[in-house]
Amino acid sequence: MLLSKGALTQGSLKDEVAIVTGAGRGIGYEAARGLIWLGANVVIAEVNEVSGRAAAENLEEEFGEGKALFVKTDVGRDKDIEKLAKEALRKWAKLTLLLVL
């Protein structure tokens, strides 16, 4: 992983919880992947249910069960944002990082 070549070390974000919007594919997915590699638990906030679920499944396959949570989220809808926060807090009892892509 490219992150391993920088100053950040694997596990440096252990026990942190990150929400990454648009993490179903592309840059958002890779950001979520990097955060998990760094030790964080990640919420995949994605409007596309198919790519969001697939992203969470792929990340858990690569890094272990319980590292990723998919929550279908349209960031333009207040109800979706409230649901996103509730689901993340229900699973991990805290939120540490928010990455909006």
Practice problem: Could you please give the count of residues in region 20-36 that are more than 10 Å from K67 (Cβ to Cβ), part of a helix (DSSP H, G or I) and hydrophobic (A, V, I, L, M, F, W, C)? | Solution: 2
Practice problem: Check whether at least one residue in region 25-37 is touching a Ser or Thr at 6+ places or on another chain (Cβ under 9 Å), closer than 15 Å to A88 by Cα and surrounded by fewer than 22 Cβ atoms within 10 Å (Cβ to Cβ), and report yes or no. | Solution: no
Quiz item: Residues of region 1-55 being over 19 Å from K83 (Cβ atoms) and among the small types (G, A, S), which ones?
Solution: S4, G6, A7, G11, S12, G26, A31, G34, G39, A40, A54
Self-check item: Residue tally, condition among the β-branched types (V, I, T) and buried (at least 19 other Cβ atoms within 10 Å of the Cβ), over region 38-60
Solution: 3
Self-check item: Number of positions in region 61-80 that are surrounded by fewer than 16 Cβ atoms within 10 Å (Cβ to Cβ) and closer than 21 Å to E16 by Cα
Solution: 5
Exercise. Give the residues of region 70-82 that are more than 13 Å from E46 (Cβ to Cβ) and either more than 15 Å from the chain's Cα centre (by Cα) or of a type in the set (F, W, Y) (or both), sorted by residue number.
Key: G76, R77, D78, K79, E82
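Only the coordinates and a few stated rules stand behind these numbers; no lab work does. Please read all numbers here as calculations on a predicted model, not as lab measurements. Here Cβ is always computed from backbone atoms with ideal geometry, including for glycine, and neighbour counts include all displayed protein chains.
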